[in-house]
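Q: One structure, pasted below without further comment.
The values are calculated or read from the model by the stated rules, or taken from the named source; none is laboratory data. Everything quoted here is computed from the prediction, not taken from an experiment. Reconstructed Cβ throughout: ideal geometry from the backbone, glycine too, with neighbour counts over all protein chains shown. In case anyone asks, the SASA skips ligands and DNA or RNA and just uses the protein heavy atoms, side chains included. Shrake-Rupley method; radii C 1.70, N 1.55, O 1.52, S 1.80 Å.
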Amino acid sequence: MCQPLSLVKLYSCRRPIIASSSRFERYWRRNLRLIAGLLFIWFLVTFVPAYFARDLTTFSVFGWPFPFWVAAFGAPLTYLFVIWFYAWRMDHLDDEASSPEQDE
């Protein structure tokens with residue numbers, strides 16, 4: 001069903017077009033809420049520890065100051081989780097929106 005494409009985009013699985021506008025609006029609203037929530041997590045992980053770095057040096061994690069640990073390990077792992085969660089959730093939303101079920 002999926003056909004190989006170029007090196008940039010490895011596979012293309014065409015899904016049926018969303019039939020009704022109410023379904024599309026619901027899909028788009030969920031997409032925007034997901035993006036807003038994940039951007040909020042990104043903002044917190046990126047800027048809050050940097051803003052409070054001097055205050056957060058009072059305790060350490062595994063012998064390193066907490067701001068260093070967040071910058072070196074916590075933030076990159078959180079970014080990978082955000083990317084994975086967005087791809088996983090959008091795959092489910094795409095499947096749900098393109099399913100042949102009747103509109104509510």
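Q: Could you say which residue among 58, 46 is among the hydroxyl-bearing types (Ser, Thr, Tyr) and open to solvent by 100 Å² or more (accessible area, probe 1.4 Å)?
A: 58
Q: Of the conditions (1) without any contact (Cβ under 8 Å) to a residue 24 or more places away in the chain; (2) part of a helix (DSSP H, G or I); (3) among the polar types (S, T, N, Q), residue 58 fails just one. Which one is it?
A: (2)
Q: Does residue 64 satisfy the criteria of being open to solvent by 100 Å² or more (accessible area, probe 1.4 Å) and within 30 Å of residue 98 (Cα to Cα)?
A: Judged against the criteria, residue 64 is not a match.
Q: Only one residue in 34, 44, 39 is part of a helix (DSSP H, G or I), under 16 Å from residue 73 (Cα atoms) and at pLDDT 85 or above. Which one?
A: After applying the criteria, what remains is 44.
Q: Which one of these is assigned to a helix (DSSP H, G or I) and open to solvent by 100 Å² or more (accessible area, probe 1.4 Å): 69, 88? Working first, answer last.
A: On the way: 69 fails: open to solvent by 100 Å² or more (accessible area, probe 1.4 Å).
From the options 69, 88, the qualifying one is 88.
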